[in-house]
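To start, the structure under review is shown below, and the notes come after it.
The values are calculated or read from the model by the stated rules, or taken from the named source; none is laboratory data. This one's a predicted model, so the numbers in the text were calculated from it and none came from an experiment. Note that we place each Cβ from the backbone using ideal geometry, even for glycine, and neighbour counts take in every protein chain shown. Just so you know, the surface numbers come from the protein's heavy atoms only, side chains and all, with ligands and any DNA or RNA stripped out. Shrake-Rupley method; radii C 1.70, N 1.55, O 1.52, S 1.80 Å.
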Amino acid sequence: MCGIVGYLGPRDPKDVLIGGLKSLEYRGYDSAGIAILHRGEFKRIRAEGKLLNLENKVKNEEFDGHLGIGHTRWATHGPPSERNAHPHCVGGVSLVHNGIIENYSELREELGRGGAVFSSDTDSELVAHLLASETKSGRPLFEAVLAVLPRLRGAYSILAVSQEEPNVMVAFKNGPPLVVGKGHHEVVIASDVQALLPYTKDVVYLHDHEVLVVKGEEFKLTAPDGKPLPIKTVHINWSPEQAEKCGYPHFMLKEIFEQPRAVAAAMAPHIDLALKAVKLQRVGFGASSVEDLATLKADQDWAATQRVLSETERVFIVACGTSFYAGMIGEYLLERLAGVPVEVDIASEFRYRHPVLPPKSLLIVISQSGETADTLAALRMAKGSGTKVLSICNVKSSSIDREADGHLYMNAGVEIGVASTKALVATIALLNILALAMGQERRQLKAAEVKDFLEALQAAPSQMETVLAYNQWFSEAAATLKKHKGFLYMGRGVSFPVAMEGALKLKELAYMHAEGYAAGEMKHGPLALIDDRMAVVMLAPQDDLQEKTISNLEEVKARGGKIIAVGTGEDPKLRRLSEHYVALPEAPWTVNPLLEVIPVQLLAYHVASSLGHDVDQPRNLAKSVTVE
Ligand code: F6R
């Protein structure tokens, strides 16, 4: 939801800002813009649409200054257009903004009464007006920001610069992420660490209500009342190369192919290879902050985790989108392997439905970005009522990771495609591990059972590699598949959330009608949709529900539906019933979702690309949803 970048230093700010915006474009691509000091004033260049339009506009532009800010927009207030693109420049102040100013209308009216003339429809521009009215009397930018903050309501982050102070940048975080790092005689600020990686791997994540003041090569943090705050540096071990496509046509396809590695990396730290048992590493229940995790004594920490796992009487899993479907799979795993009651909720529902959280509950929040506004709000609500929170995140030190009591990491590496892929499989692997750990600690599973499930899980990455071989088939079949009027995805048990995920992927990438259903629900309505133009993706791997799913398939076949069946090995029944058959390797039910999700991802990817859609940046979406 909008990407912010700022640079102060000896390089050409144009190159740093455009480079930074490229790595932030996943956050929004309705418009982009930069403002760089040139001959003592900000020269601003903006363009509607993708970053490429801005790149073409700026390529022959020159700037003599060393201070600049940039922005890539996901529209909230005001349609996507150049007029609404950031930065907003008023009276020598330039500003970029991510988030929403909730009291926008009243402030805009008030400023209008005072004679302000607006040149955009955004809530962001009024912050530039407020700052300009403070700086016009000679007030330094830092003080102007402190004076304006109490007037703004909402979840927002801003970065402001002033032509009167060519050596200064001031930022404030209240919600959407901001991170800062020092390179060689330079400082870079951005919404995401990826924009900083070419310059430094030692970064500082801003916490909510922190003001960042950059002066020359130095920076400090203060509270909104100006009192100094401590700075905690985090070392990042991602490399900038991870953010390259490495020969794949899209990030999404590269990330689909990285999934076996993501699964292996997610589970590896938590498997005691000698004992063939689960031992969760440095979860940190009881640690004072995420920064302390690395130095925790592993055995003491495991003992604290064991206590939580055995004492928990009820689990709540809360997330959005694809992460929510991972949570649904978690429900099946935790209930069946650990015997603990589980409720799964969409974060935007959970936070407003006044959920009853009994004592000894554990809330598990799942978020690739760690910044999803509704998931973060659900976490805060549960913590406020004394419930312990365990986060499953990909981005370390993200807001959700920092605020949770316990932490599990996807270790999936940077995920750039807007549609989530490898984060999902990494989460499914972690939920398997967590369910086994809980089952083990609560004596629901015998050591031999844990060992068998673990062995199957460890075999999953190489089995996933074999399923990836279907890539070629889907790329050829896409030309036919895209002609269907719609897609119904169905499955039972853990295959049901995968069906939901398959439908979501097709909707968001191919913009086609698709629905995910529990196969047993078919007769209760969706069967009416079936005719020879409707494709049905039936997820029917070998498990204790397969026979029932096959009966559902017969019903679809009898009504002329075009069936793509996903099953286990050579399955003559499924082959007979289906138009196309995808054979997965044999695995227990716990591992099946890791295998069956690959064909549904490949289907959506190839249908969308054959329709000519931008699969890495689907229309109207953004990767990190930092507003509710
Ligand atoms: C779908 C997708 C989204 C995200 C959702 C949650 O492909 O990517 O549905 O899964 O926005 O995002 P995180 O996991 O970052 O909280």
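The magnitude of the dipole of the chain, with charges of +1 and -1 set on the Cβ of Lys/Arg and Asp/Glu and taken from the Cα centre, is near 260 debye.
With all protein chains kept in place, the per residue accessible area of the range 254-445 amounts to 34 square angstrom at a probe of 1.4 angstrom. From helices alone, the chain scores -11000 deg cm²/dmol at 222 nm; the rule is -39500 (n - 2.57) for each run of n ≥ 4 DSSP H residues, then divide by the residue total.
Once the mean of 1/r is taken over each pair of separate Cα atoms and inverted, the range 568-628 shows a Kirkwood hydrodynamic radius of 14.5 Å. With a ≥ b ≥ c the root eigenvalues of the C-alpha gyration tensor of the range 345-456, is it rounded (a/c under 1.5), prolate (a/b larger than b/c) or oblate? Since a/c reaches 1.5 but b/c is at least a/b, the shape of the range 345-456 is classed as oblate.
Relative protection proxy for 141-148, 306-313, from highest mean packing down: 141-148, 306-313 (other beta-carbon atoms within 10 angstrom).
Taking the Kirkwood radius as Rh and the Cα radius of gyration as Rg, the range 191-304 has a ratio of Rg/Rh equal to 1.06. Classification of the range 3-239 by its C-alpha gyration tensor yields a rounded form. The axis ratio a/c (a ≥ b ≥ c) stays under 1.5. For Lys548, the solvent-accessible surface computed with a 1.4 Å probe is close to 110 Å², ligands and nucleic acids excluded. A convex hull fitted to the Cα coordinates of the range 167-250 yields 100 cubic angstrom per residue. For Glu61, neighbours were defined as the other residues whose beta-carbon sits under 15 Å from its Cβ, and their charges (Lys and Arg +1, Asp and Glu -1) total +1.
Subtracting the Cα-Cα distance of Ser475 and Ser81 from their residue separation scaled by 0.36 nm leaves 138.3 nm. Annotation: the antiparallel percentage among DSSP beta bridges lying fully within the range 254-445 is about 10. Remark: the range 265-272, residue by residue, has Karplus-estimated 3J(HN,Hα) of 5, 5, 8, 3, x, 9, 10, 7 Hz, where x stands for each Gly or Pro and the curve is 6.51 cos²θ - 1.76 cosθ + 1.60 at θ = phi - 60°. D by Stokes-Einstein for the chain, Kirkwood Rh over Cα pairs, 4 °C, 1.567 mPa s: 51 µm²/s. The range 18-84 and the range 509-543 have their alpha-carbon centroids 43 Å apart. With every protein chain in place and a 1.4 angstrom probe, the accessible-area ranking of His580, His235, largest first, reads His235, His580.
Candidates Ser124, Asn53, Pro497 compared by Cα position along the dipole of the chain: farthest toward the positive end lies Pro497, with charges placed on Cβ. Near Met381: Cβ cut-off under 11 Å, other residues only, Lys/Arg at +1 and Asp/Glu at -1. The net charge is +3. Taking Cα centre as origin and charging only the Cβ of basic (Lys, Arg, +1) and acidic (Asp, Glu, -1) residues, the dipole magnitude of the range 3-239 rounds to 180 debye.
Return the whole-Å distance between the Cα centroid of the range 325-366 and the Cα centroid of the range 250-322. Cα centroid to Cα centroid, the span is 17 Å. Using C-alpha pairs below 8 Å separated by at least 6 residues, the relative contact order for the range 3-239 is 19 percent. Selection among Val179, Gly138, Leu196 by position relative to the dipole of the range 3-239 gives Leu196 as farthest towards the positive end (Cβ unit charges, Cα centre).
Using +1 at the C-beta of Lys and Arg and -1 at the C-beta of Asp and Glu, which of Pro260, Ile550, Leu111 has the Cα lying farthest in the positive direction of the dipole of the chain? Of Pro260, Ile550, Leu111, it is Ile550. Cα axis of helix 495-510 to longest principal axis of the chain: angle in degrees, 0 to 90, nearest 10? Rounded to the nearest ten degrees, it is 40. Lys201 contributes about 70 Å² of solvent-accessible surface, heavy atoms of the protein only, 1.4 Å probe. Rounded to the nearest 5, the antiparallel percentage of DSSP beta bridges internal to the chain is 60%. Once the C-beta distance of Glu61 and Val234 is scaled by a Förster radius of 30 Å, the resulting FRET efficiency is 0.30 to the nearest 0.05. Between helix 422-441 and the chain there is an angle of about 60 degrees, using the helix long axis and the longest principal axis of the Cα atoms. Hey, with R₀ at 30 Å, roughly what FRET efficiency would Lys297 and Glu455 work out to, going by the Cβ-Cβ distance, to 0.05? Once rounded, the FRET efficiency stands at 0.55. Between the range 589-628 and the range 121-142, the alpha-carbon centres lie 41 Å apart. Sorting Cys246, Cys89 by accessible area puts them as Cys246, Cys89; the probe is 1.4 Å, largest comes first, and only protein heavy atoms count. In this calculation the C-beta distance from Glu102 to Arg619 is compared with R0 = 25 Å, giving a FRET efficiency of 0.45. For the range 393-456, the square roots a ≥ b ≥ c of the C-alpha gyration tensor eigenvalues yield an a/c of 1.5 or more together with a/b not exceeding b/c, which makes the shape oblate.
Relative to the longest principal axis of the Cα atoms of the chain, the long axis of helix 546-558 makes an angle of roughly 80 degrees. Accessible surface of the chain, 1.4 Å probe: 50 percent of it comes from carbon and sulfur atoms. If a spin label sat at a point 7 angstrom from the Cα of Ser385 along the line to its beta carbon, the backbone N atoms of the range 358-374 nearer than 16 Å would be those of 358-365. Based on Cα atoms of the range 254-445, Rg over Rh with Rh as the Kirkwood radius reads 0.93. Heavy-atom accessible surface of Arg575, to the nearest 10 Å², is about 110 Å², with a 1.4 Å probe and all protein chains retained. Taking amide H as placed 1.01 Å from N in the peptide plane, the amide H of Lys43 sits under 5 Å from that of Ile36, Leu37, His38, each at least 5 places away or on another chain.
Distance between the 7 Å Cα→Cβ label points at Glu554 and Asp225: 7.4 nm.
Listed cross-link partners Lys173/Lys215; Lys201/Lys388; Lys201/Lys254 are compared with a 21 Å cut-off, the Cα-Cα value being larger for Lys201/Lys388; Lys201/Lys254.
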